[in-house]
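Participant: After the structure tokens below, expect a handful of questions from me.
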Amino acid sequence: VVVATPGRLLDFMEKRIINLSQVEILVIDEADRLVDMGFLPSVRRIVRACPSPEKRQTLFFSATITSEVERLAQRWTRAHQIVEIEPEQVAAETVDQQVFIVTTREKFYLLYNLLTKQNWERVLVFCNRRSDTRQLTERFHRYGISAAMLSGDVPQKKRLQTLEAFKSGKVRVLVATDVAGRGLHIDSVSHVVNYTLPNDPEDYVHRIGRTGRAGQTGISVSFACEEDAFNIPAIEEFLGVSLVCQQPAPALLTPPPRPKHVPRSADKPPRPRRSGSRPPRRNRPARRGDDSRPKRGDSQK
């Protein structure tokens, strides 16, 4: 029995330490995460090194059967069968689920005040897009909060370093996409924040499941704004319970003080120049009759 990550297994294959030509059973665990995290090319090379599907048995284990996982199962198996196990409980009772109704602009104000005023220690923040994780991480840095990013854009080596820094407490806030929503076990995650509500209700369950693990209690905080509040009914239907939405206290919506070491324009994008505005005077062509232009006959004088 050989248990390995795709990268290390390929390394052993290239060094001729291991040969997969006689493999009888191939198990692909966390198939959906392997696809999301960009390991599919490596897995393809491993599968090609194994015997043909007629001469081996292939097992896929996946939290969700996505369309990509379904296509891989059809390609790498023969007459495949799906065995689905329904959990007795969708969301853990040890997780206190809180939903705040805010505007898009108020999200960061609320999150900053919750972090600083309630002394949250190890926080996992989820966003839907990679660009959102990058912008939010940079904003944390400007306000002196140790944060790191985890998304599909981050190389695997950097991901492992980031996770170790988060586990050891060097990083206080980990901002991630759904790459970290499944199969990630980190002890003592006190809070999970849905900075943007997921479009898939099942992703919501996987996200909040990163806290309140192994019998411990945890808190999940979700922000419902004008852009994603419409996802709440589907989440409630999937959970089988109603989520209590609340208005945050006015003190939690107070904008944080501007960092002293950051220029005033650093926290706001530059104001675009109006279309059709006149260029600076030094770049404008001289008008007829302008004294700056040489007059006819001056060169002769």
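The values are calculated or read from the model by the stated rules, or taken from the named source; none is laboratory data. These numbers were taken from a predicted model, which means no experiment stands behind them. Neighbour counts run over all protein chains shown; Cβ positions are idealised from the backbone, glycine included. Heads up: the accessible areas ignore ligands, DNA and RNA and are worked out on the full protein's heavy atoms, side chains in. Shrake-Rupley method; radii C 1.70, N 1.55, O 1.52, S 1.80 Å.
Participant: Could you work out how far apart the two model spin labels at GLN57 and ASP200 are, taking each label as a point 7 Å from the Cα in the direction of the beta carbon, and quote it in nm?
Facilitator: The modelled label-to-label distance comes out at 2.8 nm.
Participant: With every protein chain in place, what's the accessible area of VAL102 (1.4 Å probe, Å², nearest 10)?
Facilitator: Near enough 10 Å² of accessible area.
Participant: Do any trypsin sites (Lys or Arg not before Pro) in segment 34-119 lie in a DSSP loop with no more than 14 other beta carbon atoms within 10 Å, and if so, which?
Facilitator: Sites meeting the loop and neighbour criteria: ARG78, ARG105.
Participant: Right, another one. Tell me, what does the Kirkwood hydrodynamic radius of segment 102-259 come to in angstroms if you use every pair of distinct C-alpha atoms?
Facilitator: By the Kirkwood definition, the hydrodynamic radius is 16.0 Å.
Participant: Report the calculated FRET efficiency for ASP96 and ASP29 (r = Cβ-Cβ distance, R0 = 35 Å), to the nearest 0.05.
Facilitator: That pair, ASP96 with ASP29, gives E of 0.70.
Participant: Sticking with this structure for a sec: Find the lysine pairs in segment 26-175 meeting two conditions, Cα atoms under 22 Å apart and a separation of 8 or more places or different chains, and report how many there are.
Facilitator: Here the count comes out as 6.
Participant: Still on this structure: Rounded to the nearest whole Å², what accessible area per residue is found for segment 134-213 with the 1.4 Å probe?
Facilitator: On the way: 3220 Å² over 80 residues.
I get 40 Å² per residue for segment 134-213.
Participant: Which percent of the accessible heavy-atom area of segment 73-146 goes to carbon and sulfur, probe 1.4 angstrom? Don't skip to the answer; put the middle values down first.
Facilitator: Numbers: 1960 of 4500 Å².
Whole-percent figure for carbon plus sulfur exposure: 44.
Participant: Another question, if that's okay. Select from segment 1-85 those chymotrypsin sites (Phe, Trp or Tyr not before Pro) which occupy a DSSP coil region and have at most 12 other Cβ atoms within 10 Å, ordered by residue number.
Facilitator: PHE61
Participant: Follow-up question, since we're still on this one. Tell me, in nm to one decimal, what length is gained between HIS141 and THR254 on full extension, where the rule is 0.36 nm per residue of separation less the Cα-Cα distance? Write out the running numbers ahead of the final one.
Facilitator: Numbers: separation 113, 0.36 × 113 = 40.68 nm, distance 1.89 nm.
Going from the current span to full extension adds 38.8 nm.
Participant: Let me cross-check ASP187: its accessible surface, 1.4 Å probe, with only protein heavy atoms counted, in Å² to the nearest 10?
Facilitator: 100
Participant: For segment 1-62 and segment 208-244, compute the distance between their C-alpha centroids and round to whole Å.
Facilitator: 35
Participant: Once label points are set 7 Å from the Cα along Cα→Cβ at both GLN216 and LEU243, what is their separation, rounded to one decimal in nm?
Facilitator: For GLN216 paired with LEU243, the spin-label model returns 2.3 nm.
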